[in-house]
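Asker: Just passing along the structure, written as structure tokens.
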Amino acid sequence: MIRSTPLDDPSRNTSAYRMGRHALLVICSCLVHFFSSSFEFKNLFLGVRFQATVSDLQEAIHGRILLKLNYVCDDNRPYDSSPFAVKKYYPSRQRLTLPLQAGSQGKPIVLVPKSKLADYCNGNANNLTVVFKDLGIQVSYSTLFFWEYLGPLIIYPICYYFPVYKYFGYEGERVVYPVQTYALYYWCFHYFKRITETFFIHRFSHATSPLSNVFRNCAYYWTFGTYIAYHVNHPLYTPVGDLQMKIGFTFGLICQISNLYCHLILRNLRSPSGNGGYQIPGGFLFNIVTCANYTTEIYQWLGFNIATQTIAGYVFLIVASLIMTNWAFAKHWRLKKLFDGKEGRPRYPRRWVILPPFI
């Protein structure tokens, strides 16, 4: 059981008390879910001004600017353990939401850091119910993308330049075909471009990502990178015809350059801080496709596979296409919902979702 210190207790925080008239009572129930790291605070007094933002509340939680809580066991013995004393909940690992009403379905409303707390009070300026969830250790998106792209950029040249196949029983001399060399250049250009875009072009709507995503994404990219590099550079690899190779790499290179241009367009839709809300993308391929960046990403790997012709490459193309198609549909329907043509909002134009002329 958790009890907050009464406001008339002389042991209360006096500096916070002086701000009392301008402070918010953050209501949270006494639920503490240790396994999900989710808490609801109830009748918890914070030294936060009435006009404070959600970000101010997150900083208060991070700095533990809280009145002392009395933790007691069922037999009224003092209990010193506190979830706030165990971890430092820095703002990027906090998720604050409004609680769902009993019997309601759907997702809870997530509090936007730059919004004012008063905006969520529903007319009651003295009470606000906030549900806190610990998102775990966070890393920046640039760190996440760097490590997931670095693996394929290193693994592929290893399979090309070094005699790794002798460890798999192939003792004969390996013949390197031109298509294998061009595939190396194409592959390295792609992942070098992705790393460069990560640090100099992309603007992220979320500052951080859970640390677990680093291991998940690295497993995905590094495994497929090894799988494809092994087969394309294999001593028993049979190259495609010269014309097919030129068509594949030329088409793929055009798509890579187009993909870079799409990312530049998306960059200009966000402010340097990554904020700016949703906007209808326009220009270039975005005039006909909602997710032109995914379109060019998929078609550039199609070009690579036309030129190299391996089962491993086509497996990767199918898996990547399914993942990006799922993302594209989610973004397409979100934009259509936001821009519905009502109450002065523009109507989202009719467009392909991701793969013209199919989807």
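The values are calculated or read from the model by the stated rules, or taken from the named source; none is laboratory data. Just so it is clear, the structure is predicted and the values come from calculations on it, not from any experiment. So basically every Cβ, Gly included, is an ideal-geometry build from the backbone, and we count neighbours across all protein chains shown. The protein model used for the area step is the full one, side chains on, heavy atoms only, and it has no ligands, DNA or RNA in it. Shrake-Rupley method; radii C 1.70, N 1.55, O 1.52, S 1.80 Å.
Asker: Just to be sure, is Phe189 assigned to a helix (DSSP H, G or I), aromatic (Phe, Trp, Tyr) and within 16 Å of the chain's Cα centre (by Cα)?
Answerer: On the way: assigned to a helix (DSSP H, G or I): yes; aromatic (Phe, Trp, Tyr): yes; within 16 Å of the chain's Cα centre (by Cα): no.
Criteria not met by Phe189.
Asker: Check the range 302-320 and report whether any residue there is of a type outside the set (D, E, K, R), touching a strand residue (DSSP E or B) at 6+ places or on another chain (Cβ under 8 Å) and either part of a helix (DSSP H, G or I) or in contact (Cβ under 8 Å) with a residue 60 or more places away in the chain (or both).
Answerer: Of all residues in the range 302-320, those of a type outside the set (D, E, K, R) come to 302-320.
Then drop every residue that is not touching a strand residue (DSSP E or B) at 6+ places or on another chain (Cβ under 8 Å), which leaves none.
So far as the range 302-320 goes, no, none of its residues is of a type outside the set (D, E, K, R), touching a strand residue (DSSP E or B) at 6+ places or on another chain (Cβ under 8 Å) and either part of a helix (DSSP H, G or I) or in contact (Cβ under 8 Å) with a residue 60 or more places away in the chain (or both).
Asker: Please identify the pairs in which a residue from the range 162-183 that is in contact (Cβ under 8 Å) with a residue 40 or more places away in the chain has its Cβ atom under 6 Å from the Cβ atom of a residue that is surrounded by 14 or more Cβ atoms within 10 Å (Cβ to Cβ) and part of a loop (DSSP other than H, G, I, E, B), counting only partners at least 6 apart or on another chain.
Answerer: Listed by first residue and then by second, the contacts come to Tyr165/Pro235; Tyr170/Pro235; Arg174/Pro235; Tyr177/Pro239; Val179/Pro239; Gln180/Asn233.
Asker: In the set Ile228, Ile265, Ile257, which member is part of a helix (DSSP H, G or I) and out of contact with any Phe, Trp or Tyr (no Cβ under 7 Å at 6 or more places or on another chain)?
Answerer: Values: Ile228 fails: out of contact with any Phe, Trp or Tyr (no Cβ under 7 Å at 6 or more places or on another chain); Ile265 fails: out of contact with any Phe, Trp or Tyr (no Cβ under 7 Å at 6 or more places or on another chain).
The unique qualifying residue is Ile257.
Asker: Taking Arg194 as the residue in question, decide whether it is touching a residue at least 40 places away in the same chain (Cβ under 8 Å) and in a loop (DSSP other than H, G, I, E, B). Walk me through how you get there before you give the answer.
Answerer: On the way: touching a residue at least 40 places away in the same chain (Cβ under 8 Å): yes; in a loop (DSSP other than H, G, I, E, B): no.
So Arg194 fails the test.
Asker: Within the range 258-298, can you find the residues that are among the aromatic types (Phe, Trp, Tyr), open to solvent by 20 Å² or more (accessible area, probe 1.4 Å) and modelled with pLDDT of 90 or more? Walk me through how you get there before you give the answer.
Answerer: The initial filter retains those residues of the range 258-298 that are among the aromatic types (Phe, Trp, Tyr), namely 261, 278, 284, 286, 294.
Going one step further and asking which of them are open to solvent by 20 Å² or more (accessible area, probe 1.4 Å), we end up with 261, 278, 284, 294.
Result: Tyr261, Phe284, Tyr294.
Asker: Quick one: in the range 192-222, of everything that is under 27 Å from Tyr167 (Cα atoms) and in contact with a Gly (Cβ under 9 Å, 6 or more places away or on another chain), which residue is surrounded by the most Cβ atoms within 10 Å (Cβ to Cβ)?
Answerer: Filtering the range 192-222 for residues that are under 27 Å from Tyr167 (Cα atoms) and in contact with a Gly (Cβ under 9 Å, 6 or more places away or on another chain), the one surrounded by the most Cβ atoms within 10 Å (Cβ to Cβ) comes out as Tyr221.
Asker: Out of (1) surrounded by 13 or more Cβ atoms within 10 Å (Cβ to Cβ); (2) more than 20 Å from the chain's Cα centre (by Cα); (3) modelled with pLDDT of 95 or more, what's the single condition that is false for Ala320?
Answerer: With respect to (1) surrounded by 13 or more Cβ atoms within 10 Å (Cβ to Cβ); (2) more than 20 Å from the chain's Cα centre (by Cα); (3) modelled with pLDDT of 95 or more, Ala320 is out only on (2).
Asker: Give me the residue from the range 231-254 that is of a type in the set (A, V, I, L, M, F, W, C) and part of a helix (DSSP H, G or I) and, out of that set, surrounded by the fewest Cβ atoms within 10 Å (Cβ to Cβ). Even if it seems obvious, please write down each step before you answer.
Answerer: Filtering the range 231-254 down to residues of a type in the set (A, V, I, L, M, F, W, C) leaves 232, 236, 240, 243, 245, 247, 249, 251, 253-254.
Now restrict to residues that are part of a helix (DSSP H, G or I): 232, 243, 245, 247, 249, 251, 253-254.
Working: Val232: 26, Leu243: 8, Met245: 20, Ile247: 15, Phe249: 20, Phe251: 17, Leu253: 17, Ile254: 14.
Filtering first and then ranking leaves Leu243.
Asker: Output the residue which, of all residues in the range 139-190 that are of a type in the set (D, E, K, R) and over 13 Å from Val232 (Cβ atoms), is surrounded by the most Cβ atoms within 10 Å (Cβ to Cβ).
Answerer: Glu148
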